[in-house]
Amino acid sequence: MKAQHSFGLNLSWLRVTTVFLIDLAILRLAGHWPTELGSPARAWWPGVGVAVVVTAAALITHRRVPLTSIVLARVLDRFANPATFLNEGCTPGFDHRRRYSHDVVGLREHRGQLVTVIAVAPPPAASGRHARRHQPLGALPAGLAAAALRQFDVRLDGIDIVSVRTCDTTCDATSDGDTDTGPAEDEQAPAVPDTAGPRDTWLILRMDPMRNAEAVAVRDSVAATLAAATERLAQTLQERHIVTRVLPAEEFGQVDATVLAGLQPTRIRRRRRRLKQKHRKGPRQYAATFWMSPRDITTANLEQLWQRAADTTAVTVRLIAQHNHTDVSVLVRYHTGSRLRRNMWAGLNRLNGRQLTALRTSLPTPMRRTLAVPARQLDDHEPLQVPLGPTAQQPLARVKLPA
């Protein structure tokens with residue numbers, strides 16, 4: 001894997017046109033500066049300077065994210081209360097059973113947005129003398145989940161594939177010092193052994209009822225519309241021999257706790273590159289979220305994200321429905337008892353100043369997406385697989401670039 005270049009340009013037609021109009025407004029204001037507030041000639045060059053700064057901030061990107069978006073996200077993340085920010089969308093869910101259906105579907109609602117959750121487990125391994133010695137535990141085809149974004153007249157906003165694994169033991173190689181900015185080591189990233197802890201995987205379906213007014217009109221209710229789409233996706237995965245279970249509302253709290261992986265919103269302290277939690281009596285806990293370069297989103301690289309040096313690893317594969325295609329992006333979060341070593345996240349991209357927003361993105365909360373993550377287009381027949389169990393493959397070498 002290879003991290004994105006530090007700086008670049010975003011020269012899309014919409015962004016360039018918007019910046020051009022803003023610059024014209026600034027220059028016009030500077031050219032017609034009121035004489036009561038000073039000479040117009042003295043206000044002209046400061047106006048030109050402001051226009052240059054606005055243009056540079058809007059067009060220059062840092063790891064494919066515009067500087068304006070980074071600054072705005074940092075301000076919102078810095079002044080947000082972690083407890084209020086993380087618990088905002090964790091509303092009590094409710095159960096719904098469709099007519100002529102035996103399944104109960106749990107839903108969450110917040111400000112008109114809805115979510116449902118499907119628990120996914122790997123296919124059962126074959127037993128007996130005909131079983132292979134090293135039988136894979138299976139993977140979830142991302143194309144199946146992407147196809148569920150458009151079901152007849154129902155249009156989902158997105159589907160998140162969230163996987164969380166807590167290792168039984170922590171690698172002894174974790175350093176207690178601040179090696180987050182030290183030189184990268186030349187050794188390869190360690191692969192997670194088969195003795196690692198269990199992995200929990202969920203599919204989080206998000207829907208905006210306002211974008212599905214016609215679909216809701218021909219069904220019993222808004223809840224029935226999303227429930228039908230959820231049951232259909234679960235049935236499609238079961239036909240591929242993937243064990244699925246639609247979660248009721250009472251299990252949403254357990255999913256929240258598992259995704260947070262021991263983090264308590266009232267004890268979280270924000271840092272620019274990580275989240276820190278210190279117990280009154282007990283060890284510290286650090287959590288840092290990174291995003292994968294779009295060109296590196298492959299099945300082999302997804303298997304290499306699981307680190308045995310981390311106490312907990314959480315991977316979020318985001319599938320977002322666009323006009324005529326689907327975009328895929330990946331976030332990974334590592335929990336450790338000390339600050340992360342640089343070789344753990346080599347090849348990944350840091351989310352400086354947006355750690356709290358990234359943490360909320362992985363929760364099953366019906367919130368509008370505020371974290372912009374670089375993504376790539378997912379082809380219809382692309383064989384992208386999200387692993388559901390531990391793999392014993394050899395780790396890939398990572399290309400390390402200085403931050």
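Within the range 95-115, can you find the residues that are in contact with a Lys or Arg (Cβ under 8 Å, 6 or more places away or on another chain) and closer than 16 Å to Gly253 by Cβ?
Scanning the range 95-115 gives a single hit, Val115.
Name the single residue, out of those in the range 244-270 being at pLDDT 90 or above and of a type in the set (Val, Ile, Thr), that is nearest to the chain's Cα centre (by Cα).
Val259
Within the range 78-98, can one find any residue that is buried (at least 18 other Cβ atoms within 10 Å of the Cβ) and closer than 30 Å to Leu11 by Cβ?
No, the conditions are met nowhere in the range 78-98.
If you take the residues of the range 225-257 that are touching an Asp or Glu at 6+ places or on another chain (Cβ under 9 Å) and aliphatic (A, V, I, L, M), which of them is surrounded by the fewest Cβ atoms within 10 Å (Cβ to Cβ)?
It comes out as Ala249.
So which residues in the range 34-44 are in contact with a helix residue (DSSP H, G or I) (Cβ under 9 Å, 6 or more places away or on another chain), surrounded by 10 or more Cβ atoms within 10 Å (Cβ to Cβ) and either farther than 22 Å from Thr55 by Cα or without any contact (Cβ under 8 Å) to a residue 12 or more places away in the chain (or both)?
Within the range 34-44, Pro40 is the sole residue that qualifies.
Taking Leu59, is it closer than 17 Å to Pro374 by Cβ, modelled with pLDDT of 90 or more and surrounded by 16 or more Cβ atoms within 10 Å (Cβ to Cβ)?
Here the answer is yes, as Leu59 does meet what is asked.
Among Leu72, Leu11, which is the only one that is closer than 30 Å to Thr298 by Cβ and under 37 Å from the mean Cα position of the chain (by Cα)?
Going through Leu72, Leu11 in turn, just one is closer than 30 Å to Thr298 by Cβ and under 37 Å from the mean Cα position of the chain (by Cα): Leu11.
Yes or no: Arg295 basic (Lys, Arg) and either crowded, with 23+ Cβ neighbours inside 10 Å or at positive phi (or both)?
Here the answer is no, as Arg295 does not meet what is asked.
Hey, among Val243, Val255, Val259, Val222, which residue is in contact with a helix residue (DSSP H, G or I) (Cβ under 9 Å, 6 or more places away or on another chain), under 17 Å from Asp160 (Cα atoms), in contact (Cβ under 8 Å) with a residue 12 or more places away in the chain and among the hydrophobic types (A, V, I, L, M, F, W, C)?
Val259
Across the range 271-294, what is the total count of residues that are assigned to a loop (DSSP other than H, G, I, E, B) and either small (Gly, Ala, Ser) or at pLDDT 90 or above (or both)?
3
Let me confirm something: among Leu351, Leu305, which residue is aliphatic (A, V, I, L, M) and either touching a helix residue (DSSP H, G or I) at 6+ places or on another chain (Cβ under 7 Å) or at positive phi (or both)?
Leu351
If Thr289 satisfies all but one of (1) touching a residue at least 24 places away in the same chain (Cβ under 8 Å); (2) over 21 Å from Pro366 (Cβ atoms); (3) in contact with a Lys or Arg (Cβ under 8 Å, 6 or more places away or on another chain); (4) not hydrophobic (A, V, I, L, M, F, W, C), what's the number of the condition it fails?
(2) is the only condition that Thr289 fails.
The values are calculated or read from the model by the stated rules, or taken from the named source; none is laboratory data. The model shown is predicted, which means the values in this text are computed figures rather than measured ones. Note that we place each Cβ from the backbone using ideal geometry, even for glycine, and neighbour counts take in every protein chain shown.
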